[in-house]
Amino acid sequence: MNQKASALLIVGSMAFDDLELPTIAAKNVVGGSATYSAYAASVFSPVRLVAIVGEDFPSGDLEALSRRNVDLAGIERASGKTFRWAGRYDTNLVGRVTLETQLNVFADFRPKLPKSYVDSPFVLLGNIHPALQIEVLDQVDSPKLVIADTMNFWIEGEPETLAQMLQRIHLLVINEEEARQLSGQYNISRAARDILRRGPKALIVKRGEYGALYFDGESTFFAPAYPLEEVVDPTGAGDTFVGALAGYLARSGDLSGPGMRRAIMAGSAAASFCVEAVGTAKVGRLTISDISARLDLFRNLMHVAHDTSLSAS
Ligand code: AMP
């Protein structure tokens, strides 16, 4: 672990997922946005987790997080059942439908930060009610970087609270469909221009197997997803992407354009491991050397030698 890495506060869901994948069905898979993001971020920086679980959440999974430098002081174990999500994927693993969402203890979640979290310099607000995202920000001193995720449900149902949340963050990370819905613009570059007017200094639009686009009003960057031969389970890829990106930034402290590009590639590399196994099986064991090896593959994938014969003389 880099001694200079700053702490990253992550708030989000911890869950049991029931997954219907093209060839297998997997039940009671430990997941949730905070779980994926925390594992991915912990490759790079210490993590402070804020989430709620029920009595049925396995202690072994909390211990596994704790062994990876994830501080669990902000985890509330409430009486009742853990949040549960069920989804079915298409045969091509691109489309997915939600079969069931059981909020359970998540319904009464009011994030309370332990005193030891208040000075967190980096904050990742996972996809929860925007009012709760704001409540988290109200409890931290003055973070250097605030990253947030959200989803169609909040864009549709809580537009005013979401608008307030957008005023309080630096970087918004959403998928393509959500960017269109939030902005009312189909074209992604126009959508980005609109969203940047609403508060965030920068925006990342995730496009699944087609990678991610970064916009900060001055420059645009494209990061591909790694073209894997076998994708097993895409669940949590987005959370892994943003977790690794946030952890990388907490470690480097470099928020410049080139620094953001490196962080985005770290996110893409981590997400490419996540989808290779069911649930957190791979992301829970990721190391810096795994990421580094995949970044070498990415460099090779993206390298184009300069054709000097085309240079203007
Ligand atoms: P992703 O594949 O990156 O969209 O994330 C999937 C994870 O999000 C799963 O592990 C789910 O448990 C979690 N999830 C699904 N729906 C919700 C929701 N409404 N609120 C919070 N987390 C959710």
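Table for the structure above
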{"item": "Beta bridges per DSSP with both ends in the chain, % antiparallel, nearest 5", "result": "35"}
{"item": "Where the chain is the region considered: accessible area per residue in Å², 1.4 Å probe", "result": "46"}
{"item": "Mean separation of Cα contacts under 8 Å, 6 or more apart, over the residue count of region 1-84: relative contact order %", "result": "33"}
{"item": "C-alpha long axis of helix 237-252 to longest principal axis of the chain, angle in °", "result": "80"}
{"item": "Zone of Glu230's modelled label, taken as backbone nitrogen in region 91-121 under 17 Å from a point 7 Å along Cα→Cβ", "result": "92-93"}
{"item": "Relative contact order (percent, whole number), region 184-313, Cα cutoff 8 Å, 6+ residue spacing", "result": "18"}
{"item": "Ranked by how many other beta carbons lie within 10 Å on average, peptides 275-285, 244-254, 207-217, 116-126 from highest", "result": "244-254, 116-126, 275-285, 207-217"}
{"item": "Three-way shape label, region 183-271, alpha-carbon gyration tensor, a/c 1.5", "result": "oblate"}
{"item": "Carbon plus sulfur fraction of accessible area for region 198-313, probe 1.4 Å, in percent", "result": "53"}
{"item": "Fraction of beta bridges assigned by DSSP in region 110-237 that are antiparallel (%, nearest 5)", "result": "40"}
{"item": "Point-to-point label distance, Leu295-Ser59, nm (Cα→Cβ direction, 7 Å offset)", "result": "3.8"}
{"item": "Total lysine pairs whose alpha carbons fall under 28 Å of each other in the chain (8 or more apart, or interchain)", "result": "17"}
{"item": "Value of relative contact order over the chain, rounded to a whole percent, pairs C-alpha under 8 Å and six or more apart", "result": "18"}
{"item": "Anisotropy class of the chain from Cα gyration tensor, a/c 1.5 cut", "result": "rounded"}
{"item": "Cα-based shape type of region 223-313, given that a ≥ b ≥ c are square roots of the gyration tensor eigenvalues and the cut on a/c is 1.5", "result": "oblate"}
{"item": "Contour minus Cα-Cα distance for Thr287 and Asn92 (0.36 nm per residue)", "result": "67.3 nm"}
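The values are calculated or read from the model by the stated rules, or taken from the named source; none is laboratory data. A quick note: this is a predicted structure, and the numbers were derived from the prediction, not measured. Here Cβ is always computed from backbone atoms with ideal geometry, including for glycine, and neighbour counts include all displayed protein chains. Surface areas here come from the heavy atoms of the whole protein model, side chains and all, with no ligands, DNA or RNA. Shrake-Rupley method; radii C 1.70, N 1.55, O 1.52, S 1.80 Å.
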